[in-house]
Amino acid sequence: MKEVVKEMTKRTEQAFVNPGARFGLLYIYVLIVGVIIGLYYVSNLENISRQSVPPVLPDTTVTVTELTVKKAVSVPPVILSEISKPSPNLVSEGEKIYKTNCASCHGDKGAGDGPAATGLNPPPRDFLSKENWVNGTKLSGIYKTLEEGLLPSAMIAYDFLLPEQKFAVAHYIRQTFIPDAEADTEDDLIALDATYNLSAGVQLAAQIPVSSASAIIENESKTKVENIIKLKEKISSLSSEAGYSAFNEVVKNENTALTFLTINNEWKKSEDSFINLLVNNVNQNGFNGSIYNLSSNEWNVLFNFMNKLI
Ligand code: HEC
């Protein structure tokens, strides 16, 4: 037994002395580590492959549609009982509108054969034909066609025409081209009025893209900040004035105080309104509580100083 132990110790010693034997041990060690890594890799294969594919998020989740520029629109109300009658005035106004906006497709004689009609599919409506009208020949039907268009055909919406102009051109084509144009019932006209707010008129506010709006706001706040910086420079240049130390004593946040006083110019009118303004808004307006301890003389000094500054 003793001999076996001796022999083993000797061999191990030899292994450390003999470089070849050392490599032998290293080989076994590397093999074991390699097998462990291999097993780990195989058992986690699913995870590893899953993580190596970068997740692809569809772009469609966030669609940012920028607003377009729109002028403010004021659509005057119309009196339906009057405008639904083809007065000579309306018809002659309608003729002008037809010639500039419609004749290129629908033709001078309304037969759908204007110069711009070539190749259009469907072709522009021949007003003389009674077949296959989509919205019909009633005043209300034509109004709807003009307001909404007949997309995807070349008949776009003529919603930029004022209500009166739409009625005018509808009267013109009904009188001039359409044989036996259908008359509107009372209900048709009431429904038309309700759908397009005709007797109420429409007021639409102007609209600009959000990006332009933020650029404007950014610019505005930039000039405000620059203004405050200038005021602060001016304050340091007035350090020899009596009001300088008074101001520093009652001010809690110089930026807030200066912004507050520049936005609100009312206080410049009188010392009383100045005192009122500061006393009623302490803490929000950047001043501190010691403002309550000012004597009337100190108020006067402070008021004159602020008046000189802003
Ligand atoms: C660019 C060519 C073009 C211009 C300009 C044009 N239209 Fe049209 N219009 C069409 C076409 C095409 C159709 C047929 C659409 C369909 O049947 O789907 C049509 C159809 C119509 C109809 C029939 C609606 C129905 O119920 O079937 C009316 C009414 C009409 N247009 C009026 C006008 C008036 C009024 C103007 C001018 C303010 C005008 N169009 C300008 C191409 C034009």
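FYI, it's all coordinate maths here, none of it is from the lab. Only a predicted model underlies this, so the values are computations on that prediction, with no experimental measurement involved. Here Cβ is always computed from backbone atoms with ideal geometry, including for glycine, and neighbour counts include all displayed protein chains.
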Between Ser43 and Lys230, what is the label-point separation in nm under the 7 Å Cα-to-beta-carbon projection? 7.3
Which values of log₁₀ I(q)/I(0), to two decimal places, follow from the Debye formula for the stretch 255-294 at q = 0.14 Å⁻¹ with a uniform point scatterer at every Cα? -0.27
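Between Lys99 and Ala205, what is the FRET efficiency for a Förster distance of 51 Å, r being their Cβ-Cβ separation, to the nearest 0.05?
Once rounded, the FRET efficiency stands at 0.95.
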Student exercise, the stretch 101-186 dipole from Lys, Arg, Asp, Glu Cβ charges, in Debye to nearest 20: 140
Each label point is 7 Å from the Cα along the Cα-to-Cβ direction; what then is the distance between the points at Ile310 and Ser153, in nm? 6.5
For Asn89, placing the label point 7 angstrom along Cα-to-beta-carbon and taking the stretch 157-179, residues whose amide nitrogen sits under 14 Å are 164-165, 168
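Loop sites only, by DSSP: take the trypsin sites (Lys or Arg not before Pro) in the chain that have at most 15 other C-beta atoms within 10 Å and name the longest stretch containing none of them. Mind dumping the intermediate values first?
Working: sites that count: Lys71, Lys109, Lys130, Lys252.
Segment 131-251 is the longest.
What is the calculated FRET efficiency for Ser295 to Ser221, with r their C-beta to C-beta distance and R₀ = 45 Å, to the nearest 0.05?
After rounding to 0.05, the efficiency reads 0.75.
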Tell me the Kirkwood hydrodynamic radius of the chain in angstroms, computed as one over the mean inverse distance between distinct C-alpha pairs. 29.9
So how much slack lies between Ser214 and Ile263, counting 0.36 nm per residue of separation and subtracting their Cα-Cα distance, in nm? 15.6 nm
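How long is the gain from Thr176 to Asn276 if the chain were fully straight, where each residue apart is worth 0.36 nm and the alpha carbon distance is subtracted? Please list the in-between numbers first.
On the way: separation 100, 0.36 × 100 = 36.00 nm, distance 7.38 nm.
Stretched fully, the Thr176-Asn276 segment lengthens by 28.6 nm.
What is the Cα convex hull volume of the stretch 144-262 when expressed per residue in Å³? Mind showing how you got there, number by number?
Details: hull volume 24.9 nm³, N = 119.
It comes to 209 Å³ per residue, whole-number rounded.
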With no solvent term and unit scatterers on the alpha-carbon positions of the stretch 225-309, Debye gives log₁₀ I(q)/I(0) at q = 0.14, 0.21, 0.24, 0.25 Å⁻¹ of -0.41, -1.01, -1.38, -1.52
